[in-house]
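A.B. asks: This is the structure, below, for whatever I ask next.
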Amino acid sequence: MRSSPSASSATAAILIALAALLLASLSARPAAQPALQASAPPPATLDVDLIITGLGAAGEPATHHYYNPSMIVARTGDRLRVRFRNLTFASHGIEFEGYGVRTGVLPGGPRGLETVEFVADRPGVFRFKCYVPYDPAAGMCSPDHDTQIGYLVVLDGSR
Ligand SMILES: [Cu+2]
């Protein structure tokens, strides 16, 4: 049995249409992905335990003082809660330059313990350092006073 010419051309047209639909579905791209949003995470509270300590010969006064950690990294808007502990035998006091934040004089011994709290509201690199001048008679600071420096790095938190 032979089909009529019009029936075979209709079948061919249907097959061509199905092939076109199949090709169209294969080449279709997935729905557009939403653009990645580089939204900044919300500000955080950073609890930092920071010790003032030193190195030197056993039984001798420390010759090199340092902070552990010596660098704090925050983002603008973060709240910093820095708990200082002075583990040396001399008194020290710490200030964050550019922020107007400082501890009181922390006695050595180690008895000096103080927490300062502030919001890192300005980006930049700021030093924190001992502001107590070296006075051996009074047990204040030590000969390496000028090198007792740490850094607060505040990144722009809006990015
Ligand atoms: Cu000092």
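No lab work stands behind these numbers, since they all come straight from the coordinates. As the structure is a prediction and not an experimental result, all values here were calculated from the model. Here the Cβ is made from the backbone with ideal geometry for all residues, glycine too, and neighbour counts use every protein chain on show.
A.B. asks: Starting with the highest mean, order 59-68, 76-85, 111-120 by the number of other Cβ atoms within 10 Å, averaged over the residues of each peptide.
C.D. replies: Ranked from most to least packed, the peptides come out as 76-85, 111-120, 59-68.
A.B. asks: Can I ask one more? Report the calculated FRET efficiency for Ser70 and Asp135 (r = Cβ-Cβ distance, R0 = 22 Å), to the nearest 0.05.
C.D. replies: The formula returns an efficiency of 0.35 here.
A.B. asks: Could you size up the charge dipole of segment 45-155 around its Cα centre, putting +1 on the beta carbon of Lys and Arg and -1 on that of Asp and Glu, and report it in debye to the nearest 20?
C.D. replies: Charge dipole of segment 45-155: 240 debye, to the nearest 20.
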